[in-house]
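*Asks:* First the structure, which I've put down as structure tokens, then a few questions once you've had a look.
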Amino acid sequence: MNDRKADGAAKHRGDLAKALSGVAESLSGSPRLTGGQIVVRQIGENLATFVISESDGTLSVADTQGVVNDADTRVEILGDGQVLAAILRGERDAREAFLAGGIRVRGDLRYFSDLAVAARILPTPL
């Protein structure tokens with residue numbers, strides 16, 4: 001990988017990490033948090049795996065370099081990092097991206113829906 005591609009991959013990874021941290025901060029202390037981790041996988045050319053986990057009502061985001069304990073995963077979200085970051089920042093409609101195949105969600109969809117509404121990613125529950 002040349003330096004320009006490496007710089008671009010690091011930027012996109014950083015954009016997604018920053019957007020995830022903003023959502024985690026906004027959800028910290030929410031009564032909708034009920035445990036289990038959320039895994040976010042940036043797919044495509046620039047692979048990355050982030051885990052959002054809860055401890056004492058506070059959410060934290062960790063870049064796991066792909067190592068995840070699947071037994072603790074409550075929701076897994078997969079998609080292009082730029083698309084995911086745009087959704088998290090409110091620049092792109094999450095439902096449209098999902099219906100277009102731009103993102104995939106697996107696991108406890110009710111939990112995902114509740115958190116997405118609380119974080120203002122979705123206007124109404126799924």
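The values are calculated or read from the model by the stated rules, or taken from the named source; none is laboratory data. Here the structure is a predicted model, which is why all the values come from computation and not from measurement. Methodologically, a virtual Cβ is constructed for each residue, glycine included, from the backbone with ideal geometry; neighbour enumeration extends over all protein chains shown. Surface areas here come from the heavy atoms of the whole protein model, side chains and all, with no ligands, DNA or RNA. Shrake-Rupley method; radii C 1.70, N 1.55, O 1.52, S 1.80 Å.
*Asks:* Which one is right for this structure if Rg and Dmax of the Cα atoms in Å is calculated from it: [x] 27.9, 91; [y] 14.0, 46; [z] 16.6, 65?
*Replies:* This structure yields the entry labelled [y].
*Asks:* In addition: How high is the relative contact order of the chain, given as a whole-number percent (alpha carbon pairs under 8 Å, six or more residues apart)? Numbers along the way, then the final one.
*Replies:* Working: 193 pairs, mean separation 30.5, N = 126.
Averaging sequence separation for qualifying contacts and normalising by length gives 24 percent for the chain.
*Asks:* A further question on this structure: Distance in nm between label sites at Arg106 and Arg120, each 7 Å beyond Cα in the beta-carbon direction?
*Replies:* The answer from the label model is 3.2 nm.
*Asks:* OK, next. In the chain, what percent of the accessible surface is made up of carbon and sulfur (1.4 Å probe, ligands and nucleic acids excluded)?
*Replies:* 50 percent
*Asks:* Could you report the chain's accessible area per residue, 1.4 Å probe, as an integer in Å²?
*Replies:* Using a 1.4 Å probe on heavy atoms only, each residue of the chain averages 59 Å².
*Asks:* Related question: Order the peptides 28-35, 93-100 from the highest to the lowest mean number of other Cβ atoms within 10 Å of their residues.
*Replies:* Going by the mean number of other Cβ atoms within 10 Å, highest first, we get 93-100, 28-35.
*Asks:* Show the residues, 5+ positions off or on another chain, whose built amide H is closer than 5 Å to the amide H of Thr64.
*Replies:* Thr49, Phe50, Val51
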